[in-house]
Amino acid sequence: MFPARIWREFPQRYRREAAICKKCGKRYFPPRLICAECGGRKFETYVLPDEATVVTFTVIRVAAQQYSDMAPYAIGIVKFDDGLQMMGQIVDCDVDKLKIGMKVRLEFRKVQSHDHHGVLSYAHKFVPKWY
Amino acid sequence: MRDVAVVGIGIMKWGELWEKSFRDIFTEAGLNAIDDAGVDHIDSLLVGCMSGGLFVGQEHIGAIMADYLGQKHIAAGRVESACASGGLAFRQAFIEVASGMSDIVMAGGVEKMTDVSGDGATYALATAADQEYEVFNGVTFPGLYAMMARIYMQKYKVTRRELSAIPFKSHQNGAKNPYAQYPFPIKIEDVENGVLVADPLHILDCSPITDGGAAVILTTVDIAKKLKKPIIKVIGSGLATDTISLHQRDNMIWLKSTELAGKKAYEMAGKKPEDIDLVEVHDCFSIAEALVTEALGFFKPGTGVKAAAEGLTALNGKLPVNTSGGLKSKGHPVGATGIGQVVEIVKQLRGTAENGRQVKKARVGMTQNMGGSGASGVVHIMEVV
Amino acid sequence: MVGIVGYGAHIPRHRIKVEEIAKVWGADAPSYKKGLLLREKSVPTPDVDTITLSVEATRNALRRAQINPKDIGAVYVGSESHPYAVKPSGTTVAEAIGAVPDCHCADFEFACKAGSEAMFVCLGLVKSGYVKYALAVGGDTSQGAPGDALEYSASAGAAAFIMGTKDVIAEVLHTHSFMTDTPDFWRREHEFYPQHGGRFTGEPAYFRTVTGAANAIMKKAKMTAKDFDYVVFHQPNGKFPLRVGEMLGFKKEQIEPGWLSPRLGNTYSGASPMGLTATLDIAKPGDLILMVSYGSGAGSDAFVWRVTDRINEVRDLAVHTTKLLDENLIYVDYGTYAKYRHKILKNK
């Protein structure tokens, strides 16, 4: 994958930078140029916390090409305390014990290797909270 | 706005068409539509296709299909809205005729999906989701709908067996459709015994990988009368969108785009859900059919699966859903699916559905075609004149 | 005062037992367990590498340091398993913690000593006043060739230290580095697994270098083994640090808190730095800690640390190293381990 495409997402993938509309307070991840609620164009950057709650999940058994080595793997949507949601893999877990409502911690992980020769893609995955 | 009618339908046997190329598939369906309409030419062609580029390395699809269809130099273009490409092509063709821009327009759809491996097809289909914030993490389409199913089943206490009623019913109907990819019935327990694709969805909850094409001819009601064809009038059309990523929706088990597209179509047609005699919906996954029938107002939120389990959506039920077999049994060549739905509704409204799957007294039919995890919804209502 | 203002570790949750590896190669597990004092080792999943371990360890260090990452003026990651042959690991770490762009950055490599090297340089930079804070990380996802003795120990983990002059947790009192050209372990370019000199890695390499550095720093500090509360050595296995401690006159109780290798394996650049994090987790204000790293090739960096009152305020702001080491573990079989470590040939 061409590196620019990976690079421009670093603020969101590395640091979980989200945006809050200065006019109406609506929050976005990833950030946007215009608020879909009030039309505001000015946003403040803030960082999403490192803990969230699972709102739904599945276990991918049949994966797309670049992920087939990882299958089966769990993937879910989590909700932060401020209401924003994020999708990501749920790792280091027993997939049979996953539950809606469980708490997870966000950990920095490698998401794609691009066939051992491309630029590595890092972002956050979810790990069941245990401490 | 001029009154618009469908005067020609063209379908072909869908499936793994090893010996047929991308262009041959569309041409076969297109010629069938031209022959059925009895027209000697078309003014314009709109082809719905999701991903010619990823499946067969071919873009610029309007031009190639017009050429191979023998329609030299006509206006032609490709329409894309993921799995709703066919429905969108139909809507654009409808607008083109209604507006007076063209008199005879073909709306077609095509996908050739078996020239890539299974994981290649999974990759191509996933491009209908948010590349950077969904697909990047390894989600697939079965995965997205599985996450919706997970919420739905927990919230509404729906059992695995109840959900299986939907593919079971699709295969009951598809067994009567000679053009279906998998025209055979299944046992209800086959669904839960099938291989898991994305928990809780098993293989028989999922529509298959399909090669196929479909085409219909739209023209004005005035021209249709001269062609001496049964006139199936398009009386309502609606298109709406939603966030491309599932996690950005406040309610992840409510298909807002389908609800809004349905409202527009109902309003334009002057119809209500109870006026609809049968509907073809986008059952890309078992759960999708339930969510769609709820969003279109046929069943209350949380009752779509139970409605199917109680037989309300069967061929002889209160509202026959997917008499063609749906995407599940008939097949899902993504770009062609929306047009395939129109073909079925026109057949039903003409009274020509094959093998005993004709719905009695079918006067008003609806199609609902959907892109992604519901980011696009296209709804049409047709009536016998 | 110059020293550590924040520290943290990270360890993958997966483990493989010595028996599981020995079974595959027909080796005698009890003799490995007794001879090298190894029980099991950490295993990185395919989505874990030196960069991800470094970021997580650094986040734990930041939780304790409670500083603005923008004040970190240098980021150094020491590892022998940097994910890229060309492209720094440190830039990703700096970007992830928000230390960019006004920051100096370099990757270090010196077999198992790269982490302590980064610590030494960071101490110098904050002492000189060139930067306000400096981040040193030692971490590895080390590889042992299938069937080689190193396969029983090569493991994964990282430790991070933020050095500064204000709110110091452990003040550095002395440092000493000792090194010679001793080729006991190496990996040539384009080779996947390292090679080593077998028993040559022992007496002339590890023991001579570690005792050389330890004796020199104790002489400099005018201290002997009994003056220290704790000592942390590089730990390529369970046995070497105990033996070198004995040679230097240390008791097992002084070594034990930072002696992680029997249940962690050898995290290479992370080994003695992680031992130091575990020791800080239990240290009291005023405690003196000797740390001696070792990197093949060969050299040792030695440090004398004095723990301050601040340890009691920051200790519990992040997870303790032994918690990561001993709790919530997932044991894998050799097949899974081989898949995770890319030891299985696949069709392209």
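The values are calculated or read from the model by the stated rules, or taken from the named source; none is laboratory data. If you're wondering where the values come from, they're calculated on a predicted model, not measured in any experiment. Note that we place each Cβ from the backbone using ideal geometry, even for glycine, and neighbour counts take in every protein chain shown.
For the residues C:VAL86, C:VAL43, the requirement of being surrounded by fewer than 24 Cβ atoms within 10 Å (Cβ to Cβ), within 14 Å of chain A (Cβ to nearest Cβ) and under 30 Å from C:ARG243 (Cβ atoms) singles out C:VAL43.
When region B:214-239 is filtered for residues that are in contact with a Leu (Cβ under 9 Å, 6 or more places away or on another chain) and assigned to a strand (DSSP E or B), the ones remaining, listed by number, are B:ALA215, B:THR219, B:ILE232, B:VAL234, B:GLY238, B:LEU239.
Sub-7 Å Cβ pairs linking a first residue in region A:86-97 that is under 17 Å from B:VAL135 (Cα atoms) to a second residue that is assigned to a helix (DSSP H, G or I) and at pLDDT 95 or above, at least 6 apart or interchain, are A:MET86/B:HIS247; A:MET87/B:ASN137; A:MET87/B:HIS247; A:GLY88/B:ASN137; A:GLN89/B:ASN137, ordered by first then second residue. State which residue is nearest to the chain's Cα centre (by Cα) when the search covers only region C:65-83 and only residues that are crowded, with 24+ Cβ neighbours inside 10 Å and under 22 Å from A:ARG16 (Cβ atoms). Looking at residues that are crowded, with 24+ Cβ neighbours inside 10 Å and under 22 Å from A:ARG16 (Cβ atoms), I get C:VAL77. In region C:327-342, the condition of being crowded, with 20+ Cβ neighbours inside 10 Å and assigned to a strand (DSSP E or B) is met by no residue. The residue list B:GLY100, B:GLY120, B:GLY138, B:GLY174 contains one member that is at pLDDT 95 or above, closer than 30 Å to B:THR27 by Cβ and in contact with a helix residue (DSSP H, G or I) (Cβ under 9 Å, 6 or more places away or on another chain), which is B:GLY174. I'm trying to understand the selection: among the residues of region A:47-71, which are in a strand (DSSP E or B) and either within 7 Å of chain B (Cβ to nearest Cβ) or surrounded by 15 or more Cβ atoms within 10 Å (Cβ to Cβ) (or both)? Selection gives A:ALA52, A:THR53, A:VAL54, A:VAL55, A:THR56, A:PHE57, A:THR58, A:VAL59, A:ILE60. Exactly one residue out of B:LYS155, B:LYS225 is in the same structural domain as B:LEU291 (by TED's automatic domain parsing) and either modelled with pLDDT under 95 or basic (Lys, Arg) (or both), and it is B:LYS155.
Looking at region B:240-258 only, could you name the residues that are part of a helix (DSSP H, G or I) and among the hydrophobic types (A, V, I, L, M, F, W, C)? Step through it out loud before you land on a result.
To start, the set of residues in region B:240-258 that are part of a helix (DSSP H, G or I) comprises B:246-248, B:256-258.
Listed by number, the list holds a single entry, B:LEU246.
Selection of region A:1-15 for residues being surrounded by 12 or more Cβ atoms within 10 Å (Cβ to Cβ) and part of a loop (DSSP other than H, G, I, E, B) yields A:MET1, A:GLU9.
Can you pull out every residue in region C:151-201 that is among the aromatic types (Phe, Trp, Tyr), touching a helix residue (DSSP H, G or I) at 6+ places or on another chain (Cβ under 9 Å) and not in a loop (DSSP other than H, G, I, E, B)? Even if it seems obvious, please write down each step before you answer.
Within region C:151-201, the subset among the aromatic types (Phe, Trp, Tyr) is C:152, C:161, C:178, C:185-186, C:192-193, C:200.
With the extra rule that they be touching a helix residue (DSSP H, G or I) at 6+ places or on another chain (Cβ under 9 Å), the set shrinks to C:152, C:161, C:178, C:185, C:193.
Of everything in region C:151-201, those that are among the aromatic types (Phe, Trp, Tyr), touching a helix residue (DSSP H, G or I) at 6+ places or on another chain (Cβ under 9 Å) and not in a loop (DSSP other than H, G, I, E, B) turn out to be C:TYR152, C:PHE161, C:PHE178, C:PHE185.
Taking the conditions exactly as written (farther than 22 Å from C:SER261 by Cα and surrounded by fewer than 24 Cβ atoms within 10 Å (Cβ to Cβ)), does C:ALA29 satisfy them or not?
Numbers: farther than 22 Å from C:SER261 by Cα: no; surrounded by fewer than 24 Cβ atoms within 10 Å (Cβ to Cβ): yes.
In short, no.
Residues in region C:89-128 that are touching a His at 6+ places or on another chain (Cβ under 8 Å) and within 14 Å of another protein chain (Cβ to nearest Cβ): C:SER89 alone. Selection of first residues in region C:203-220 that are surrounded by fewer than 16 Cβ atoms within 10 Å (Cβ to Cβ) and of second residues that are among the β-branched types (Val, Ile, Thr), restricted to Cβ pairs under 7 Å at least 6 apart or on distinct chains, gives the following pairs, ordered by first then second residue: C:PRO204/C:THR182. Among the residues making up region B:311-326, a single one is within 14 Å of B:PRO167 (Cβ to Cβ) and surrounded by fewer than 24 Cβ atoms within 10 Å (Cβ to Cβ): B:ALA314.
Applying the selection to region B:75-97, what residues are among the β-branched types (Val, Ile, Thr) and touching a helix residue (DSSP H, G or I) at 6+ places or on another chain (Cβ under 7 Å)? B:VAL79, the sole residue that qualifies.
Counting residues that are more than 21 Å from B:SER81 (Cβ to Cβ) and more than 18 Å from the chain's Cα centre (by Cα), which helices (runs of 4 or more DSSP H) fully inside region B:274-385 reach at least 3?
Working: elements: B:286-295, B:304-309, B:326-330, B:334-350.
The helices (runs of 4 or more DSSP H) meeting that bar are B:304-309.
Identify all residues within region B:193-213 that are away from chain A (no Cβ under 13 Å) and either among the hydroxyl-bearing types (Ser, Thr, Tyr) or in a strand (DSSP E or B) (or both); write none if there are none.
B:SER207, B:THR210, B:ASP211, B:GLY212, B:GLY213
Determine, yes or no, whether C:LEU53 is out of contact with any strand residue (DSSP E or B) (no Cβ under 8 Å at 6 or more places or on another chain), surrounded by 24 or more Cβ atoms within 10 Å (Cβ to Cβ) and hydrophobic (A, V, I, L, M, F, W, C). Step through it out loud before you land on a result.
Details: out of contact with any strand residue (DSSP E or B) (no Cβ under 8 Å at 6 or more places or on another chain): no; surrounded by 24 or more Cβ atoms within 10 Å (Cβ to Cβ): yes; hydrophobic (A, V, I, L, M, F, W, C): yes.
Here the answer is no, as C:LEU53 does not meet what is asked.
Residue pairs whose Cβ atoms lie under 7 Å apart, sitting 6 or more positions apart in sequence or on different chains, and linking a residue in region B:333-362 that is without any contact (Cβ under 8 Å) to a residue 12 or more places away in the chain to a partner that is in a helix (DSSP H, G or I) and surrounded by fewer than 24 Cβ atoms within 10 Å (Cβ to Cβ), do not occur here.
Can you confirm whether region C:291-303 contains a residue that is farther than 28 Å from C:GLY202 by Cα and away from chain A (no Cβ under 12 Å)? No.
Considering only residues in region B:115-153 that are surrounded by fewer than 21 Cβ atoms within 10 Å (Cβ to Cβ) and assigned to a loop (DSSP other than H, G, I, E, B), the one that is nearest to the other protein chains (Cβ to nearest Cβ) turns out to be B:GLU132.
Being over 19 Å from B:LEU327 (Cβ atoms), free of Cβ contacts under 8 Å to residues at least 40 places away in the same chain and either away from chain A (no Cβ under 14 Å) or not polar (S, T, N, Q) (or both) narrows it down to one of B:LYS225, B:LYS229, B:LYS233, so name that one. If you could, list the steps in order and put the result at the bottom.
Values: B:LYS229 fails: free of Cβ contacts under 8 Å to residues at least 40 places away in the same chain; B:LYS233 fails: free of Cβ contacts under 8 Å to residues at least 40 places away in the same chain.
Answer to the selection: B:LYS225.
Given the criteria surrounded by fewer than 18 Cβ atoms within 10 Å (Cβ to Cβ), closer than 26 Å to C:ARG15 by Cα and assigned by TED's automatic domain parsing to the domain that holds C:SER142, does C:GLU256 qualify? No.
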